[in-house]
Amino acid sequence: MDHREKLLQLLHSTDEVNITLALELSKGVASCDIENILWEYQELYRFLYKKPLGEQILVKHLVALNKNTILDLEETGLQILPDSLANLKHLVYLNISNNYLVALPEKWSGFTRLTHLDASWNDLVSLPDSIAKLPQIKRLYLDRNKLQLLPVHMGDLTSLACLSLSDNKLVSLPESFWRLCRLELLDISNNQIEEVSGKLKNLRHLRKLYMGDNQLRVLPEAIGSLSNLQCLDLHQNALTSLPESLRNLKNLRRLYLGENPLPLAEVEKVKNWLPECKVHF
């Protein structure tokens, strides 16, 4: 860890003594950009608290900002989220849903403790690549946006247990997507997805899978590997047949098949395979 990194670690602390020490150590250090970071903190303080500050931000203000672990900005009329938000290194929960955001900040790699991000009900067309650098994220809600593509490295979010992407404009999913092997709930309903990879079998912890209202014509045989699946929604697609591997889903309790051009014989076949499952058709 170099001198700058040590200073920033102290500055982002929740301890007043550490922050004071960082400010003292930074004096006269030409290579340090503490002044820029302090300006970002000022911007952030005004943004969050809507309070005026003097010419300089005080240690007590830095402590107050750094102590934020939960930030709820739902339905606050947001059109832009400042890059300075990245200074909140202790953030665990961030809710920015129900706003007017068309883009997210580029800096996400610093949110090493973030476990919950809700950016649903916005106007997002794309996501920054850096959003794939959230090592602790477990719940990610991106539904009700205008997303057409996902970041290539989306699969790096290997801690994800819940991912909602419903009501977007997705046509396909990146190859890395199937590395999200800890997912328990996946919602990709209400998109324009035409095909699901056989690598779906990697998502062995899935309990709920929502793929309704897409353009699926075929399901991969690999879907039968999802032995923990309890709920599967396939309504309003273009399915004309179902893979025999569905008979392996012994824990399935709800299966939604309505609004598909499926012959009744296919539906009856599934009912015989899975007598414990409620089939909606």
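The values are calculated or read from the model by the stated rules, or taken from the named source; none is laboratory data. What you see is a predicted model, and the numbers here were worked out from it, not measured in a lab. Neighbour counts run over all protein chains shown; Cβ positions are idealised from the backbone, glycine included.
Pairs please, first residue from segment 78-105 and on the phi > 0 side of the Ramachandran plot, second anywhere and crowded, with 18+ Cβ neighbours inside 10 Å and not in a helix (DSSP H, G or I), Cβ atoms under 6 Å, 6+ apart in sequence or on different chains.
From segment 78-105, the pairs are Asn98/Trp121.
Within segment 195-215, how many residues are at negative phi and in a loop (DSSP other than H, G, I, E, B)?
Here the count works out to 12.
Would you point out which residue out of Asp167, Asp143, Asp187, Asp233 is touching a Lys or Arg at 6+ places or on another chain (Cβ under 7 Å) and either under 22 Å from Glu106 (Cα atoms) or assigned by the TED database to the domain that holds Leu117 (or both)?
Of Asp167, Asp143, Asp187, Asp233, the one residue that is touching a Lys or Arg at 6+ places or on another chain (Cβ under 7 Å) and either under 22 Å from Glu106 (Cα atoms) or assigned by the TED database to the domain that holds Leu117 (or both) is Asp167.
From the list Lys133, Lys138, Lys146, which one is free of Cβ contacts under 8 Å to residues at least 24 places away in the same chain and either crowded, with 20+ Cβ neighbours inside 10 Å or at negative phi (or both)?
Only one candidate passes the filter, namely Lys146.
Could you name every one of the strands (runs of 3 or more DSSP E) located completely within segment 89-149 that has at least 2 residues being modelled with pLDDT of 95 or more and over 22 Å from Asp167 (Cα atoms)?
none
Please enumerate the residues belonging to segment 49-66 that are assigned to a loop (DSSP other than H, G, I, E, B) and surrounded by 12 or more Cβ atoms within 10 Å (Cβ to Cβ).
Across segment 49-66, the qualifying residues are Leu53, Ile57, Leu58.
If you check Leu73, Leu44, which single one turns out to be at pLDDT 95 or above and under 18 Å from Lys107 (Cβ atoms)?
Leu73
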